[in-house]
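Notes follow the structure.
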Amino acid sequence: MMTVRIHAYEEISTIIYFHRNISLEDDVVIEEKYVISEEIGRLRPVSFSYEGHVLLGYSDSPNSKEIIYKPMEFISYWLIQSAPEIHLYAVWGEIDPNYGGVIFIGDSYVDTSNWPTHIAEGLGLTTYIESDLGGTGFVNALQDPWGTFTNFETLLNHAIVIAGEENRNQYQWIIVEGGYNDQYYENEKVQDGIKKFIKRAKEAFPNAKIVVGMNGYHVYNADVRTMLEKTSSFYKEGTFKNGAYYIDGIEHIFTEEDTAIFMEDGFHPTGEGGKRIAEASISAIHKIQNEISPLFWVGLFLLIVLIVLFYFFLKQQLLMNTSKKMNKR
């Protein structure tokens, strides 16, 4: 448990009771104490598990499917102040039958542009895990409300907890996008961060395809755009080198003329910008889906080799039989 002191808020605490809520008879509850002295806190990932299902969020009633908090949603200081204890009930959804389990990981672009939501809508995804925090990257880490320094690998670890041990083999896609916060790091550090992330992802989700995109941009600052162009080359190199997929061209979906789809700060895209991110991502996902596995070509090659060997074997047998018949004469 970590207390973070920001501004002049009085330290307050509450007990949150997380109910697994698989059925009305389910009595599994995880109790956690939250102590915060800032305007907002954040729900920590809870290690519930329900085979074949995704934790979508929490309701305030065991009978309700209305989600009032996502699994790692920010919670208000004022809510905690008014409630010495809070009961939250898990809301579950079946793992998507078409895409399997899907995990989205990102930075503050998730909050401003909602690109995971737009991707999900475009694919027809029914359930997914979203793990994000502003200021993060493969390298760059931000101190989150729990006092932990968090980067993309940390966010992946949160998603691993939420996914549940028994469901890991059902996860087919891990889509991680960002880049703005990694622009000041040299290639060696970026490569190391990507390598660690992909290694951890493959260990936790052995059947998942890992898809990386560099979607950072600044419509007003040319120097930042130059830095991000370099970052995109680092991302692409690290992705290919470690056996993952890169979203080709995603680093070029914005131009300096796109001020209408960026917020006033110039580097956070709006929901319309998120739709553009989603279009590039969906196109890449479809391309990966239609890709013939290298194992298919290996198998085809071995089959051809066997057919050729069998042909020469039969030919040799035929020659031997013909020779025997001629000798008998």
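Things to note:
- Residues in region 124-164 that are over 17 Å from residue 110 (Cβ atoms), free of Cβ contacts under 8 Å to residues at least 40 places away in the same chain and within 16 Å of the chain's Cα centre (by Cα): 126 only.
- Checking each residue in region 268-297 for being modelled with pLDDT of 95 or more and part of a loop (DSSP other than H, G, I, E, B) picks out 268, 270.
- Criterion (closer than 22 Å to residue 127 by Cβ, assigned to a helix (DSSP H, G or I) and more than 10 Å from the chain's Cα centre (by Cα)) met by exactly one of 207, 167: 167
- Number of positions in region 63-83 that are surrounded by fewer than 20 Cβ atoms within 10 Å (Cβ to Cβ), modelled with pLDDT of 80 or more and in contact with a Ser or Thr (Cβ under 9 Å, 6 or more places away or on another chain): 5
- If the condition is being at pLDDT 90 or above and of a type outside the set (A, V, I, L, M, F, W, C), then region 42-59 contributes 50, 51, 52, 53, 57, 58, 59.
- Criterion applied to 215, 207 was being among the polar types (S, T, N, Q) and crowded, with 23+ Cβ neighbours inside 10 Å, and the one residue passing it is 215.
- Checking residue 224 against (1) among the hydrophobic types (A, V, I, L, M, F, W, C); (2) under 18 Å from the mean Cα position of the chain (by Cα); (3) farther than 23 Å from residue 119 by Cα, the condition it does not meet: (2)
- Test result for residue 121, at pLDDT 90 or above, part of a strand (DSSP E or B) and at negative phi: no
- Of everything in region 174-204 that is closer than 27 Å to residue 273 by Cβ and of a type in the set (D, E, K, R), the residue that is farthest from the chain's Cα centre (by Cα) is 182.
- When restricted to residues that are aromatic (Phe, Trp, Tyr) and modelled with pLDDT under 90, region 124-178 contains 2.
- Restricting the first member to region 1-20 and to residues that are within 22 Å of residue 57 (Cα to Cα) and in a strand (DSSP E or B), and the second to residues that are of a type in the set (Phe, Trp, Tyr) and at pLDDT 90 or above, the beta-carbon pairs closer than 8 Å and six or more apart or on different chains are 18/58; 19/89.
- Counting the residues of region 84-108 that are under 20 Å from residue 43 (Cα atoms) and surrounded by 13 or more Cβ atoms within 10 Å (Cβ to Cβ) gives 14.
- Scanning region 171-188 for residues that are of a type in the set (Phe, Trp, Tyr), assigned by TED's automatic domain parsing to the domain that holds residue 125, closer than 22 Å to residue 255 by Cα and not in a helix (DSSP H, G or I) turns up at least one hit.
- Per-region count, region 127-143, residues surrounded by 20 or more Cβ atoms within 10 Å (Cβ to Cβ) and more than 24 Å from residue 231 (Cα to Cα): 2
The values are calculated or read from the model by the stated rules, or taken from the named source; none is laboratory data. Since this is a predicted model, take the numbers as computed values, not measurements. When we count neighbours, we look across all protein chains shown, and the Cβ atoms used for this are built from the backbone with ideal geometry, even at glycine.
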